[in-house]
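Asks: One structure follows; several queries about it will come next.
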Amino acid sequence: MARRGAAVHVVTTRRSYKGRVYETTLLRRTFREGGKVRNETVGNLSHLPAEAIELVRRSLRGERFLATAESFEVERSLPHGHVAAVLAMARSLELARLLDREPSPERARVLAMVVSQLLSPGSKLACTRALSQSTLAEELSLEDVDADDLYAALDWLSARQQAIERRLARRHLAEGSHVLYDVSSSYFEGRTCPLLALGYSRDRRRGSLQIIYGLLCDAEGRPVAIEVFPGGLHDDKTLPAQIEKLRKRFGLTTLVVVADRGMVTRANLEALKAEQGVGWITALKAPQVKKLVKEGSLQLSLFDEANLAEIESADYPGERLLVCRNPLVAAERARKRDDLLCATEATLAPIKERVAAGSLSGAAAIALAVGQVINRRKMKKHFELQIEDDRFDYQRKQEQIDQEAALDGFYVLRTNVPADDLAAAEVVRSYKQLAQAERAFRTLKGPELEIRPIRHRLEQRVRAHAFLCMLAYYLEWHLRKAWAELLFVDEQPLLADDPVAKAKRSASAQRKASTKRTAAGEICHSFLSLLAELALIVRDTNRITDTGATFSKVTRPNATQARALERAGVSPARL
């Protein structure tokens with residue numbers, strides 16, 4: 001009877017027979033009987049899997065086991081992959097050191113706002129909530145940040161804007177650099193900021209108060225500096241401040257400014273000519289091009305075969321004029337003009353019918369009705385109108401339309417950079433780089449960064465908000481470059497022999513566009529969808545049921561996520 005109370009244990013025995021090893025695992029009870037130690041086999045466990053046998057062995061030793069679902073619970077799950085990628089790029093760019101050389105709570109908060117503007121754009125109050133809805137606050141060791149803390153950090157950033165822009169200029173602008181400059185505007189809700197004024201709205205919000213901001217970029221489109229101006233200021237009035245900034249604050253003695261045609265007025269050109277070492281590239285406005293044709297300096301017949309030529313004009317002494325003709329642009333402008341003319345005629349036809357039917361009479365009444373619609377599409381100049389008390393008719397000014405159509409696709413670039421320093425083809429390519437600045441504005445205003453609506457009222461904070469968005473774009477610019485393989489981006493754009501012709505995409509870019517797959521066969525993404533894909537990598541905080549201890553676990557990235565993390569500078573194994 002003594003043996004029935006004895007302890008049970010697991011015994012594994014091995015024996016060899018004819019070159020093979022046989023392993024037997026038994027459940028045994030050991031007891032003493034008549035002064036001798038005896039063993040009793042209670043059961044044979046050899047048929048069980050090795051992990052089950054190990055579980056029995058450890059259980060008999062006194063260890064306690066729970067079902068997986070009962071052993072721990074997930075306390076919290078936070079999106080982590082997109083945060084890790086963006087912060088890794090920020091570290092590689094030394095963005096924190098760019099903000100300030102010494103660590104501080106304000107520096108960490110500004111960095112958090114820059115990253116948050118990229119991941120989840122919104123107000124500063126929304127930012128305080130977004131910080132706790134991902135691992136961003138944990139990664140930057142931020143605790144209990146409220147909106148007032150972020151406003152104070154924004155003021156801290158404002159005081160350092162000039163120093164930060166100088167550091168960016170040292171990174172990306174060298175002597176003789178080409179600098180892109182363009183302006184845009186954003187509407188404003190509210191009336192308290194002294195910068196607000198009515199002006200030409202690029203947001204198509206006529207009657208809305210707005211601000212103007214000018215962006216300086218390097219030749220590849222990296223943003224270097226941004227400046228906010230009153231909303232009613234004309235574009236050309238912003239250029240002198242940028243030249244002064246480039247020369248005095250950034251210390252550049254030689255440079256080439258590439259600016260849109262609306263920027264360069266006679267006064268600005270005189271100021272630029274007075275600056276030794278400052279070159280410029282811009283374009284003529286449409287009336288100036290027409291004048292060249294009228295006076296004979298520009299012979300349109302020369303471009304039946306060629307699409308780029310350099311001409312001279314006494315009206316532009318000391319300048320090079322480069323005439324370009326793009327047949328694709330010409331065809332598009334002709335199509336658009338014809339559509340606008342037809343649309344204008346469609347609005348005039350009902351008025352003509354009313355006059356013919358007698359329901360509208362009197363020259364003044366007819367003129368009033370016509371005036372409300374004739375220039376809705378800016379086509380009034382192309383119509384001849386006949387208005388009498390009981391008659392209304394209209395015809396196209398075909399000769400005038402043909403004269404305008406003859407200039408379709410033509411544009412004339414002007415520069416003071418000598419041909420020995422910059423060939424004609426390079427002048428055209430440099431001017432086309434302004435598209436990079438325009439892309440920056442589209443990104444700033446688009447869903448990626450959402451510079452608007454502007455939710456600040458103080459002038460200093462409006463300026464700081466624009467600068468914050470510029471820093472977020474600086475970060476996004478480098479991420480897009482690193483992720484080009486995974487995005488709908490041409491990784492290896494072709495340098496066309498003809499600089500005027502429409503740029504052609506490489507074969508790999510065309511393949512990506514048609515198949516919606518990368519070269520590796522993965523799904524191709526937009527920038528926002530790739531961020532969303534990375535956000536699916538989460539960091540779980542788990543609590544062990546018995547002990548109360550916690551541990552973290554990060555989702556294993558898939559192939560696309562792993563590739564994006566690696567391109568941003570993160571090892572997937574170290575998430």
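The values are calculated or read from the model by the stated rules, or taken from the named source; none is laboratory data. For clarity, every value in this text was computed on a predicted model and none was experimentally measured. Glycine also receives a Cβ, built like all others from the backbone with ideal geometry; neighbour counts cover every protein chain displayed. What goes into the accessible areas is simple: the full protein's heavy atoms, side chains included, and nothing from ligands, DNA or RNA. Shrake-Rupley method; radii C 1.70, N 1.55, O 1.52, S 1.80 Å.
Asks: Subtracting the Cα-Cα distance from 0.36 nm times the residue separation, let me have the gained length for residue 32 to residue 47 in nm, one decimal.
Replies: 2.5 nm
Asks: Equivalent ellipsoid semi-axes for the chain, as square roots of 5 times the alpha carbon gyration tensor eigenvalues: give them largest first, rounded to whole Å.
Replies: 69, 29, 27
Asks: Using the Cα gyration tensor of the range 312-376, with a ≥ b ≥ c the square roots of its eigenvalues, what is the shape: rounded (a/c below 1.5), prolate (a/b larger than b/c) or oblate (neither)?
Replies: oblate
Asks: Could the peptides 410-416, 289-295, 397-403 be put in order, highest first, of the mean number of other beta-carbon atoms found within 10 Å of their residues?
Replies: 410-416, 289-295, 397-403
Asks: Could you work out the relative contact order of the chain, using alpha carbon pairs under 8 angstrom and six or more residues apart, expressed as a whole percent?
Replies: With pairs under 8 Å counted, the relative contact order is 18 percent.
Asks: Provide 25, 30 ordered by accessible surface of protein heavy atoms (probe 1.4 Å), highest first.
Replies: Correct descending sequence by accessible area is 30, 25.
Asks: Can you compute the equivalent ellipsoid semi-axes for the range 89-159, i.e. the square root of 5 times each eigenvalue of the Cα gyration tensor, sorted largest first and rounded to whole Å?
Replies: Value: 17, 14, 11 Å, ordered largest first.
Asks: Still on this structure, please answer the following. Based on DSSP H assignment, which helices of the chain show an axial Cα extent of at least 24 Å together with a mean Kyte-Doolittle hydropathy greater than or equal to -0.5?
Replies: Span-like helices, by this rule, are 327-357, 459-482.
Asks: For a protection proxy built on the mean count of beta-carbon atoms within 10 angstrom, sort 319-330, 165-176 highest first, please.
Replies: Descending mean neighbour count gives 319-330, 165-176.
Asks: While we're here: In a shell of Cβ-Cβ distance under 13 Å around residue 485, excluding residue 485 itself, what net charge do Lys and Arg (+1) and Asp and Glu (-1) give?
Replies: Overall, the nearby charge balance is +3.
Asks: Still on this structure: With charges set only on the Cβ (+1 for Lys and Arg, -1 for Asp and Glu), what does the dipole of the chain come to about its Cα centre, in debye to the nearest 20?
Replies: Using only the charged Cβ atoms, the result is roughly 2840 debye.
Asks: Find how many whole Å separate the alpha carbon centroid of the range 114-163 from the alpha carbon centroid of the range 247-285.
Replies: The two parts, judged by their Cα centres, are 37 Å apart.
Asks: If you don't mind, another one. Which peptide among 154-163, 359-368, 75-84 comes first, and what is the full order, when sorted by highest mean count of other Cβ atoms within 10 Å?
Replies: Descending mean neighbour count gives 75-84, 154-163, 359-368.
Asks: Something else now. Express the accessible area of the chain per residue in Å², computed with a 1.4 Å probe while the remaining protein chains stay in the model.
Replies: With all protein chains present, the chain gives 53 Å² per residue.
Asks: Could you tell me whether the range 438-573 comes out rounded, prolate or oblate from its Cα gyration tensor? Rule is a ≥ b ≥ c as square roots of the eigenvalues, rounded for a/c under 1.5, then prolate if a/b exceeds b/c, otherwise oblate.
Replies: It is oblate, given that a/c is not under 1.5 and a/b is not larger than b/c.
Asks: From the Cα gyration tensor of the range 23-67, with a ≥ b ≥ c the square roots of its eigenvalues, which class applies: rounded if a/c is under 1.5, or else prolate if a/b is larger than b/c, or else oblate?
Replies: Because a/c hits 1.5 or more and a/b fails to exceed b/c, the range 23-67 counts as oblate.
Asks: Of 336/397; 336/381; 481/553; 124/245; 378/445; 432/512, which pairs sit farther than 19 Å apart, going by alpha carbon to alpha carbon?
Replies: Exceeds cut-off: 481/553; 124/245; 378/445; 432/512.
Asks: Then there is this: In the chain, carbon and sulfur make up what percent of the accessible area (probe 1.4 Å)?
Replies: 49 percent
Asks: In addition: What does the charge count near residue 521 come to, summing +1 for each Lys or Arg and -1 for each Asp or Glu among other residues with Cβ under 15 Å from its Cβ?
Replies: +3
Asks: How large is the helix-only mean residue ellipticity at 222 nm for the chain, computed as the sum of -39500 (n - 2.57) over DSSP H runs with n ≥ 4, divided by its residue count, in deg cm²/dmol to the nearest 500?
Replies: Calculated mean residue ellipticity at 222 nm is -12000 deg cm²/dmol.
Asks: All other residues with a Cβ under 11 Å from the Cβ of residue 150 taken together, and with Lys, Arg as +1 and Asp, Glu as -1, what is their net charge?
Replies: Overall, the nearby charge balance is -2.
Asks: Rolling a 1.4 angstrom probe over the protein chains, ignoring ligands and nucleic acids, what is the accessible area of residue 345 in square angstrom, nearest 10?
Replies: For residue 345, solvent-accessible area is about 50 Å².
Asks: Using only protein heavy atoms and a 1.4 Å probe, report how much of residue 236 is accessible, in Å² to the nearest 10.
Replies: Answer for residue 236: close to 30 Å² accessible.
Asks: Further, regarding this structure: Leaving out same-chain residues fewer than 8 places away, which aspartates and glutamates sit with a Cα under 15 Å from that of residue 504?
Replies: Within the straight-line cut-off, residue 504 pairs with 490, 491.
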